[in-house]
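See below for the structure under consideration.
What follows draws every value from the coordinates through simple rules; no lab data is involved. All values derive from a computational prediction rather than experimental measurement. Every residue, glycine among them, receives a Cβ derived from its backbone with ideal geometry; neighbour counts consider all protein chains shown.
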Amino acid sequence: MNSDRSIVDDSFDVGIIVTLPNQQAMDLYLKHPVHTNAVEYVLKPLLKKITVYDMR
């Protein structure tokens, strides 16, 4: 649904939220083969663009 508020990012169809307890867990997650393979072989072939908002 498009928003009439300029502050709202409505430029995407799907959003994924991953919450991790700390930086170490995030570092492990980013390098994990399940994650890297999912990005490379599942997400990238389906998407025109990937945007990451890193909230630390």
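Odds and ends about this structure:
- Stokes-Einstein translational diffusion, the chain - Kirkwood Rh over all Cα pairs, 1.306 mPa s, 10 °C, in µm²/s: 118
- Local electrostatic count, Ala38, Cβ distance below 15 Å [Lys/Arg +1, Asp/Glu -1]: +1
- Packing here is the average count of other Cβ atoms within 10 Å per residue, and on that basis the peptides 30-43, 6-19, highest first, run 30-43, 6-19.
- Across region 21-34, rounded Karplus estimates of 3J(HN,Hα) from the backbone phi angles (6.51 cos²θ - 1.76 cosθ + 1.60, θ = phi - 60°) give x, 6, 5, 4, 5, 5, 4, 5, 4, 5, 9, 5, x, 5 Hz, Gly and Pro being marked x.
- Distance in nm between pseudo-label sites at Phe12 and His32 (7 Å out along the Cβ direction from Cα): 1.9
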